[in-house]
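To start, the structure under review is shown below, and the notes come after it.
Taken together, the values in this text are just the output of simple stated rules run on the coordinates, not laboratory data. Predicted model only: the values in this text are computed from it and were never measured. With ideal geometry, Cβ positions are generated from the backbone for all residues, glycine too; neighbour counts draw on all protein chains shown.
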Amino acid sequence: MEYLLNQLVNGISQGAIYALMAIGYSVVVGVTGLITFTHGEVIMIGAFASFYIFQFFGNNLILGIAASFIASWLIGMFIYYVCYDRFFEAPSHISLICTIGASMLIKNLAQIYFGPNQKPMLNIIDNKVFRIGVLQISLIQIVILVTVIVLAGILAFFINNTRWGIMLRTVSQDKKAAYLMGVNVRRTAMIGNCIGCGLAGIAGMLISIYYQTLQATMGGPLGMKAFSSSVLGGLTDTRFSALGGLAIGLIENLGITISTASFRDIFAFGFLIAVLIIRPEGFASKKGARP
Amino acid sequence: MKVLLEAKSVSKHFGGLKAVDKVDMVINEGDIFGIIGPNGAGKTTFFNLCSGVFPVTGGEIFFNEENITNLRPDIIAKKGMARTFQNIKLFNYMSVLENIKIGFHIHSKTRMWDSILHTSVYKRDEKLAEEKGLEIIERVGLKDYKDTLAGNLAYGMQRRVEIARALALDPKILLLDEPAAGMNPNETMALMEFIKKLNQEGYTIAVIEHDMKFVMNTCNRILVLNFGKKICEGDSECVKANKEVNEAYFGKGIMVQGGTM
Amino acid sequence: MNEIIIRLKRFYENHKIITILIGSILLLLMPVIFPKSYIMGIICRILLYMILAGGLNVINGYSSQFCIGYAGFFCIGAYTEAILAVKLKINFWLLLPVAGIFTAVAGLLLCLPTLKLKGKYLALVTLGFSEIVRLVALNWSSLTGGPMGLKGIPVPRIFGIQFKSSLSYYYIFLLLVVVFLFVTRRVINSRIGRAWMSIREDEQAARSLGVDTYKYKALNFMYGAFWAGIAGAAYAPYTRYIDSTFFTLDEGFNILSMVIIGGMGTLVGPMAGSVVVNFLTELLRPISEYRMVAYAILIIAMMWLRPQGLFGASNSILAGRKINKKIRKAKKEVAA
């Protein structure tokens with residue numbers, strides 16, 4: 001029982017990171033209207049950005065967050081101009097293939113410049129463990145949870161209460177109409193894309209801190225988990241994507257007792273396929289929408 | 001008079017919007033049936049319900065006395081209902097002849113083995129598609145354009161290709177969605193004659209149109225929709241005189257005498 | 001680019017018999033012209049990937065379904081042959097079609113839940129599928145040998161000839177490519193191919209014309225999977241050892257890049273793609289880490305400049321909006 005509870009805590013912590021990745025992904029897909037395969041690579045870039053910051057400036061978490069957000073934002077701009085900007089009116093498979101190319105490009109360049117091996121990212125946060133009754137929760141996990149909740153809160157506030165947020169929402173619903181209302185669709189789409197990427201970058205930092213390691217090839221499976229999580233929300237709904245992330249994190253950790261790392265990945269993929277079979281549009285309902 | 005297509009209290013709601021609201025309709029075999037109404041009245045949605053593109057929210061649709069409500073569009077097509085679309089859905093990058101050949105899909109039986117081994121089934125199907133395809137192209141008068149990419153044709157000709165493709169299905173009923181849209185008066189006249197000719201050859205035709213001259217002169221029965229509801233159904237005289245129809249088109253306060261529109 | 005293709009086509013049409021004759025003689029005598037097994041190895045790779053790219057092209061290019069996890073099918077084909085050959089000692093020539101059919105069934109099972117979904121979801125599912133297959137191959141040690149893989153895969157024999165080296169195995173690959181092209185060409189130029197293309201161009205219109213789009217999409221997927229299975233079944237006894245690292249997502253992207261670069265929606269496209277990509281691989285061997293970078297840049301460039309690929313179907317929706325501009329210009333000329 002105690003073991004189960006602790007796995008629950010682990011699951012929620014890990015799920016929180018996945019949730020952040022998924023939220024980022026759903027923002028990107030929601031605002032641009034195009035699916036991307038680059039999310040994993042953006043996560044990786046964020047992780048490496050924070051890695052180098054920690055190397056040069058010590059274990060300053062705030063600096064790390066800033067660095068990973070900015071680095072991912074910049075990569076997001078690159079991805080936007082290469083894969084999205086000219087393809088809004090084109091058949092969607094074209095931008096999809098471009099994102100595959102971009103992800104290959106970033107991943108392999110990263111392998112060349114950062115080296116292909118795992119790098120340790122040790123002790124960024126002290127490994128203090130707190131006990132609440134039978135529950136054990138580490139400082140790292142608390143930091144992760146707090147960070148994700150704060151970021152989600154900021155995002156929600158931004159999207160619902162600011163002018164930029166309204167512009168993002170209009171662009172995600174109907175680009176032509178937004179354009180006719182005077183919204184600069186291209187710039188808004190880019191900003192939406194970059195926000196999603198920035199969140200992904202921070203998630204990359206968090207997961208490297210959690211597992212104390214990072215690698216140039218870490219993007220692939222993480223990206224998969226990001227979109228496995230967000231199919232729950234039809235790829236565009238942030239709340240359900242977060243829920244999906246939590247769910248996958250929980251499944252992975254509760255299932256860890258009976259399986260190895262590979263099977264964790266299989267769970268995530270199986271989850272993806274299961275959701276797509278049961279409810280492909282996701283669980284977020286769009287009232288009054290034409291089919 | 002055999003009833004070919006019948007709608008019983010058919011409704012389609014999109015959330016709170018009642019696009020089609022309890023519409024009844026009867027099309028008899030041999031009719032040229034017009035569906036008119038102001039923009040947004042629900043005419044195309046109604047067609048989409050009949051041809052299976054949307055599922056109904058309520059009501060039933062019968063084709064040839066068979067309940068086809070909510071069946072898949074390809075099954076309904078196989079049963080003999082062909083349609084064209086308001087915004088012309090041609091295969092723009094295929095030639096006119098290739099477009100029409102797809103119409104013969106339901107009349108051919110070639111399976112994987114047949115195509116690989118070029119069996120007699122394959123040869124027969126290919127011959128059918130080629131010969132009948134050319135025949136239909138001649139009928140619509142597009143012989144010179146048979147190898148032109150459909151997307152390269154002028155608008156009026158594209159409409160003809162779409163109708164030709166629908167004819168390839170050898171349907172019992174043709175649903176034409178605004179076939180005269182974008183046509184000049186001459187083209188519209190030619191289209192009217194063509195539709196009358198098709199009707200004489202035995203096709204039942206249902207047309208959505210805005211062009212009143214077209215509708216009043218070709219259709220023997222008309223259904224008028226407004227805000228998703230049926231206002232009236234009958235022959236052209238009855239519709240012209242109907243108060244509600246006049247109000248829908250011209251607003252309250254003006255009564256057009258004699259229906260000169 | 002289109003003019004080059006038109007000129008090549010015309011040359012072929014005018015000199016058909018001679019080109020086929022000379023071409024066939026050259027192909028049959030390849031191992032004599034290049035007796036080095038290194039070079040024949042490259043040629044074998046090119047031929048193998050012609051089948052793989054060709055099969056993927058049928059899925060991606062002809063019906064425009066989006067499969068990214070093609071490596072999964074390749075893996076299933078290879079392991080099916082290897083397991084049945086090693087453990088049950090079944091003959092290679094029998095296993096070829098068996099592996100193909102088995103993989104086709106896997107393709108059917110995969111696409112069934114996704115038939116009603118939009119294309120982007122299918123792409124994700126194939127990705128997940130490819131990884132699941134690889135992970136199963138990696139972990140199910142009792143069946144697949146796990147991380148150690150399967151070794152000692154028996155060499156194909158016929159009439160006492162053993163196909164051990166790349167010089168002899170070349171003929172097996174050549175035969176398979178020829179069969180693939182022959183069969184695929186016939187299927188494409190039939191009612192089935194037309195149905196597939198109608199689905200690619202406008203699925204809704206195809207459906208209202210009576211095309212059972214679900215059935216044909218499934219058929220298309222199975223057809224593509226079948227050939228991946230055949231390729232896998234030919235590959236396993238060639239290398240005589242397989243393990244799950246041969247079938248990663250990167251391998252899937254490798255095949256995909258051949259289809260994208262060489263061209264989608266035509267028969268020639270993937271063939272050209274295999275030649276170009278494998279040629280580049282050899283060319284870039286001194287700087288092999290940059291190989292994938294080169295492909296990535298090529299893919300992006302292709303999407304920017306010529307989305308249908310080098311030899312792809314210009315007359316299709318695959319070519320993106322560039323064609324729309326040309327058509328709009330032409331329409332104005334016709335209407336004027």
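Brief remarks follow.
- Projected area averaged over orientations for chain B, convex hull of C-alpha atoms, nm²: 15.3
- Cα pair distances of region B:93-165 binned at 5 Å [whole percent]: 3, 18, 27, 20, 14, 11, 6, 2, 0
- Positive-end extreme of charge dipole, region B:93-165 - chosen from B:GLY103, B:ILE116, B:TYR145 (charges on Cβ): B:GLY103
- When Rg and the Kirkwood radius Rh are both evaluated on Cα atoms of chain A, their ratio Rg/Rh stands at 0.97.
- Residue order, fewest to most surrounding Cβ atoms within 10 angstrom, among C:ASP212, B:ASP170, B:ASP147: B:ASP147, B:ASP170, C:ASP212
- Rule-of-thumb Rg ratio for region C:183-241 [Cα; 2.2 N^0.38 Å; N residues]: 1.46
- Absence of a disulfide-compatible partner, taken as no other cysteine beta carbon within less than 4.7 angstrom, is noted in the protein assembly as shown for A:CYS194, A:CYS197, B:CYS50, B:CYS219, B:CYS232, B:CYS238, C:CYS44, C:CYS67, C:CYS75, C:CYS111.
- Helix B:155-168 and the longest principal axis of the Cα set of chain B meet at an angle near 70°.
- Helices of chain A meeting both criteria, an alpha-carbon length of 20 angstrom or more along the long axis and an average Kyte-Doolittle score not below 1.6, with helices taken as full DSSP H segments, are A:61-79, A:139-161, A:261-278.
- Peptide B:46-58 shows a mean partner chain C-beta count of 1 within 10 Å per residue C-beta.
- Residues whose amide H falls under 5 Å from that of B:GLY59, counting only those 5 or more places apart or on a different chain, are B:SER11, with hydrogens built in the peptide plane.
- If you take the alpha carbon atoms of chain C and fit the smallest convex hull around them, that volume is 154 Å³ per residue.
- For the peptide C:252-259, the mean number of other protein chain Cβ atoms found within 10 angstrom of a residue's Cβ is 2.
- Each principal axis of the Cα cloud of region B:95-231 was taken in turn, and the coordinate range along them, longest first, works out to 56, 31, 28 Å.
- Against chain B, whose longest principal axis comes from its Cα atoms, helix B:185-200 is set at around 70 degrees.
- Average other protein chain Cβ within 10 Å of Cβ, residues C:209-220: 5
- Descending by average beta-carbon neighbour count within 10 Å, the peptides B:72-82, A:98-108, C:132-142 line up as A:98-108, B:72-82, C:132-142, the highest first.
- Divided by 2.2 N^0.38 Å, where N counts the residues, the Cα radius of gyration of the protein assembly as shown comes to 1.04.
- Computed helical MRE - 222 nm, chain C, DSSP H runs ≥ 4 contributing -39500 (n - 2.57), nearest 500: -24000 deg cm²/dmol
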